[in-house]
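Down below is the structure, laid out as structure tokens.
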Amino acid sequence: MNRDLKKLFPSFSNALVEEIDANAIDRAFVAGDVIMRTGQYIKNTVLVLSGSIKIYREDDDGGEFFMYYLQPGQACAISMICATKSETSQIMAKVVEDAELVMVPLPLMDKWMMQHRSWYEFVIDTYRSRFEEVLEVVNSIAFRAMDERLEFYLKRHQEACGCMDLKLSHQEIATELNTSREVISRLLKKLEQRGALKLHRNHIELLK
């Protein structure tokens, strides 16, 4: 039995872990790898064992909008939905920190939904938690000014990495918030003047 899998996904039954060990594939990826592209058919659901992955939504012009992180012990709810409906991916997934993933073939995901209660509950919990997170993003876009959206964005990254030093450039933030670099630089400078953070080249040190 994969002890790391059981530790990261404690809700999985022993029988389910044994099936994952026997049928799924472990794959390693390095930072910068794109593991899922908009428009491609999804053949696998992924479980994250280590590393960090960013999930984006792309527009017709190739612009990117950051949605959420995938961390160890998590799976991508949107890819699960696309997979079960045999639809093409509506998202892009990019590795931020070197990652090890368990690739679960689509037929097994459907089979386990009926055979393993712990898998069924995990999928439902994943849907629910990601739905709530996406609602937060929608609320941020619809009801907050850009300075509030920026603070919300930085907070999410801080929570995801569990650190106070965020390796983000002004241009990366601007792209993911669908605004200009100049706007982000101006707002970050204001936050620095308020003592909320300290700006460095290509990274941001949060002070509170």
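The values are calculated or read from the model by the stated rules, or taken from the named source; none is laboratory data. Nothing here was measured: the structure is a model prediction, and the numbers come from that model. Neighbour counts are summed over all protein chains in view; Cβ atoms, including those assigned to glycine, are modelled from backbone coordinates with ideal geometry. Accessible surface is based on the protein model in full, side chains and every heavy atom, while ligands, DNA and RNA are left aside. Shrake-Rupley method; radii C 1.70, N 1.55, O 1.52, S 1.80 Å.
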Checklist entry - From the residues in the range 53-77 that are small (Gly, Ala, Ser) and surrounded by fewer than 19 Cβ atoms within 10 Å (Cβ to Cβ), which one is nearest to residue 159 (Cα to Cα)? => result 73
Checklist entry - Is it true that some residue in the range 183-195 is among the hydrophobic types (A, V, I, L, M, F, W, C), within 24 Å of the chain's Cα centre (by Cα) and modelled with pLDDT under 90? => result no
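At negative phi, open to solvent by 50 Å² or more (accessible area, probe 1.4 Å) and among the hydrophobic types (A, V, I, L, M, F, W, C): which single residue out of 207, 191 fits that description?
One residue alone meets the criteria, 207.
Conditions (1) aliphatic (A, V, I, L, M); (2) open to solvent by less than 10 Å² (accessible area, probe 1.4 Å); (3) modelled with pLDDT under 95, marked per residue:
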| position | (1), (2), (3) |
| --- | --- |
| 25 | yes, no, yes |
| 30 | yes, no, no |
| 42 | yes, no, yes |
| 81 | yes, no, yes |
| 120 | no, no, yes |
Next on the checklist: Among the residues in the range 12-23, are any in contact (Cβ under 8 Å) with a residue 12 or more places away in the chain, assigned to a strand (DSSP E or B), surrounded by 20 or more Cβ atoms within 10 Å (Cβ to Cβ) and not hydroxyl-bearing (Ser, Thr, Tyr)?
Outcome noted: no
Checklist entry - Given the residues 6, 94, which is the only one that is outside any loop (DSSP other than H, G, I, E, B) and farther than 26 Å from residue 174 by Cα? => result 6
Checklist entry - What pairs come up if the first residue lies in the range 122-137 and is among the aromatic types (Phe, Trp, Tyr), the second is assigned to a helix (DSSP H, G or I) and at pLDDT below 90, and their beta carbons are under 8 Å apart, counting only those six or more places apart or on different chains? => result 127/77; 127/80; 127/81; 131/77
Checklist entry - In the range 136-160, which residues are within 16 Å of the chain's Cα centre (by Cα), open to solvent by 40 Å² or more (accessible area, probe 1.4 Å) and closer than 13 Å to residue 204 by Cα? => result 155, 158
